[in-house]
Each structure stands twice: as C-alpha cells, then as structure tokens.
Amino acid sequence: NQSGSADQLGFLAGYIAAVITQDWRVGVISQADTAAGKAARQGFVNGVVFYCGLCRPIYPPFYTYPVYTEIPAGASVEAQQAAADMLINSAVQTAYIAPEVAEDFLLEALVKAGVKVIGGRTPTAAPVEQWVTTLQADWTVLLSEAWQRLVDGDGGFQIDAPLTMSEANPQHISAARQRLIEQLSQDMLAGYIDTG
C-alpha cells in the first residue's frame, strides 16, 4: 500500500522535524494530485502535531506551522524553486521532501538557504551539514515476510513495511533521539499510533 507507507513516512518525518527544530518551524513538499502525496502531507502534519500540539512559534515571524506545498513529479526547475521559496519565505528551518518530488535541484535550493532536509531519498551530492536523515520503507523485509507467509499457506494478509532511517546526521539526531524515533516507528507499525 503505497499511500499507507507514504502516510507513515510523512508522520515519522513530521515527528523528527518537530523534535529537532526550534519553534517548530517545519514544512513539507509532497507530490500534487496523488493519494500518496496527500497521505505524505497529512502524515507529516499529524506527526508534527503529535509532538508539539498547537505548534505556535514564540518569536516572529509568526506563521502557521507546519507549512506545506505540493508539486507534480518531474516538476520544472521553476516550480521546484517556487516550492522551495514558499518554505524559505515562511522561515521553515526543517523540511521533509517526499521521495516522488525529491529532485536534486529542489534539495540543493533548500540546503543553500540553510534549511535542514529530511528526504525520502538521498541526493546524489549529499550535503552533510543540512541533511538530517533518509526515511524509506524497507521493502526487502516486507517481501521476505510476505514470501514466507505465502510458502506457509497464509492468504489474504496485510503486512506493513518497516521504516528505516539511514544516514542519520548526529549533529541533528542524537543517539537518544534516534532510539525515541525508532520506538515511535515500531509503535506506529504495531498500530498503537494512528497517523491520521
């Protein structure tokens, strides 16, 4: 279920962004006009709210956080720059870029502006200081478990792919925060947390 994993990845990214960002100045760019894009955006918003509640900034500029925008997959450079500018002009400090729209130009535009980035895929030239982590569904574990259940004769089952956090930047995610995030991920996959 692609929109399900997009929802969970968005939720986890929103939670991480809220945990590491002062004054909860966070945002998301997801894919326009798709169920997975809407699920990623809504999951992100719910993950932020799960951590910070109303998420009202204490100091100006005063915007409603989290900030979000959408662009189509394969968007033009101009559309990518406009999406980046929206987040930058809203004083976003940490952004989640859904994997479907994670073009190198967009990632670089955010990084050059000093925005920390959580991505669904690592850019080809990963910016060390601004890159927070890469979040992905672990399809190898999912396929292995599904295959075993099929071999055992099970039918009509649903398995959620475990989420992986790779290339976590210790400047932004300490070992203690990483354990907290991993526990949240496990609770979410076990159904204890509804991503909305």
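Could you sort the peptides 46-56, 68-78, 27-37, 11-21 by per-residue average Cβ neighbour count (10 Å cutoff), highest mean leading?
11-21, 27-37, 46-56, 68-78
Two decimals is fine: what's Rg over Rh for the stretch 1-119, C-alpha atoms, Kirkwood radius as Rh?
Taking Rh as the inverse mean 1/r over Cα pairs, Rg/Rh reads 0.94.
First measure r as the distance between the Cβ atoms of Lys112 and Leu189, then evaluate 1/(1 + (r/R0)^6) with R0 = 35 Å and state the FRET efficiency to the nearest 0.05.
0.50
Given a Förster distance of 25 Å, report the FRET efficiency between Asp85 and Tyr63 from their Cβ-Cβ distance, rounded to the nearest 0.05.
0.95
Round to the nearest 10 and report in Å² the accessible area of Met188, as given by a 1.4 Å probe over the protein chains' heavy atoms.
Per-residue accessible area (Met188): approximately 10 Å².
Express the carbon and sulfur contribution to the solvent-accessible surface of the stretch 44-127 as a percent, rounded to the nearest whole number, probe 1.4 angstrom.
Roughly 58 percent of what the probe reaches on the stretch 44-127 is carbon or sulfur.
The values are calculated or read from the model by the stated rules, or taken from the named source; none is laboratory data. Remember, predicted model here, so these are calculated numbers, not experimental data. So basically every Cβ, Gly included, is an ideal-geometry build from the backbone, and we count neighbours across all protein chains shown. Calculation scope for accessible area: heavy atoms of the full protein, side chains included, ligands and nucleic acids excluded. Shrake-Rupley method; radii C 1.70, N 1.55, O 1.52, S 1.80 Å.
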